[in-house]
Structure formats: structure tokens, C-alpha cells
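First the structure, in the form of C-alpha cells, and then the observations on it.
The values are calculated or read from the model by the stated rules, or taken from the named source; none is laboratory data. Remember, predicted model here, so these are calculated numbers, not experimental data. Accessible surface areas use protein heavy atoms only, side chains included; no ligands, DNA or RNA. Shrake-Rupley method; radii C 1.70, N 1.55, O 1.52, S 1.80 Å.
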Amino acid sequence: MAVSDFSHEMPLKRAGLTELLVARILGMVMAGNLKPGDQLPAERKLAETFNVSRPTLREALRALAVLGVIEVRHGGGVFVSQLEAADLLAPLTFFLTLRATEVEKLYEARSLIEGQIAALAAERGDEAAFDELATLVERQAGAKDDPATYRDLDTAFHRRLGELGGNEFLARAAQSLNVLGQEFRKIASETANVISTSIDDHKAIVAALRAHNATAARAAMVTHMEHVLQSTQASVRAKQ
């Protein structure tokens, strides 16, 4: 991977930087944007690209090295490992072996988990919380021409919905699956009509939540996941 390719990466937010950086690099590996044997840019360049301190970067690289994702060659730089399954820790294999053929399974899982979260949120949320979600949707509509900002707002919408569901285990699972799909969705979210469809889906979810209709909320989320799957699969096929 060329050093210039990293210039398109968005700087990371301040909270949980190490975890976010590890997730970002894992996402690049699983999507094939970083391939076995690729050399990562120099430490200073990486730190500047992701807008993190060098100690934070080193901590993230150390974690990735322990997991076997990267190899640090003293005096020779940092390289993506060959990613042989036998050499990786079992919990990480799931993240690294996700390929285009498994995207459907990913969204099947997201539909089940986020559908239940939406149903719980319909039962447990209040008008003030639903207003927060509606405001996020309005901000999404204002970011149709800024895909990177839209993706941040989309993540915020699903994270807040997870909180409203009142089950931190489901919320964490949903967040992890969201991270898994991020690299695959980047191309899809560059298309204006894809963003518009997602915004309409989000509006339908909020409407079901306001009605405190758990069945409708689950159905609206499942429909949303089906739309996201379709656009993601289309972008993957176009990239092949």
C-alpha cells in the first residue's frame, strides 16, 4: 500500500484513541486495503495522518503486533503479517477473515442485534431521547454532500440507539459489527442516493420509536439493514 493512500483516512476522535486506531487498521486489513507484506508508513507519518500522539500510535501498534496482525522489524519498519490463521489469536480470526462473501452474514447478524435494540428502544426510550435521534437525522440530511461527516453521524445514530436499548451487551455487539462493515461501506456511502435511502430509513425508525411500537421499530431496522447490505454488496462488486 502506498504511503499516499493513508492521506484519505480521517483523523481519529480524541476518546478511546488506541482502541479506535486498532479498529481502523483492522478494518483496512479485512477490506484488503492493507495486504500481507505491505509496509506501513513511518511512525511520524502515521501519527500525523490519524492525528494521534506517537505514544498512542505505538500502543496501538504494540497491540496489533501481539495479536500477530503486524510484524515490527527492528530497523526495517512495520509490515502487515501473512495473516496465517494458525498464527493468529482465535478471537481475532473473525475480524481478519471477513471477506466480501461473508458480508451477507455480517448484516444478518446486524439485523438480528440492531432489530432487537430498536424494539427495546421503542419500549424504553422517551421523547427527549427520540428528539436526539431526530436531530441526528436532520444533521445527516445536511451532510449528504459530505460522506465522511455523514458516516460519523450515522455511527452516532446507531450508537445512541444502542444506548436507548438499555442493554450494554447488545450495544457493544452492534458497535463491533458496525466497525467490521465500515471499510466495505466507504465506497457505497460516496453515492448520494445511498445516503438519501439511509436517511429515509432512519426517519422510519424514529417514527416507530415515537409510536412506542416495538414490532414496527424492529421491522424498520431490518429494512434498513437490508438496504445497507444491498448497497454494500453493489460497492464490493464494483470494486472487484
Please state the shape class of region 135-181: rounded when a/c is under 1.5, otherwise prolate if a/b exceeds b/c and oblate if not, all from the C-alpha gyration tensor.
oblate
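Give the value in nm², to one decimal: projected area of the alpha carbon convex hull of region 195-240, averaged over all directions.
2.9
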On the protein heavy atoms, probe 1.4 angstrom, tell me the percent of accessible surface of region 35-78 carried by carbon and sulfur.
50
Per residue, how much space in cubic angstrom lies within the convex hull of the C-alpha atoms of region 39-78?
65
Using only Cα positions of region 108-158, each an equal point scatterer, no hydration layer, compute I(q)/I(0) via Debye at q = 0.14, 0.16, 0.31 Å⁻¹ and quote the log10 values to two decimals.
-0.43, -0.55, -1.05
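Filter the cross-link list Lys105/Lys186; Lys35/Lys203; Lys45/Lys186 down to pairs whose alpha-carbon distance in this structure exceeds 29 Å.
Violating the 29 Å Cα-Cα cut-off are Lys35/Lys203.
Where Rh is the Kirkwood radius over the Cα pairs of region 111-240, the temperature 10 °C and the viscosity 1.306 mPa s, what D in µm²/s does Stokes-Einstein return?
Taking Rh from Cα pairs, D becomes 110 µm²/s.
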Probe 1.4 Å, all protein chains in place: accessible area of Ser231 in Å², nearest 10?
30
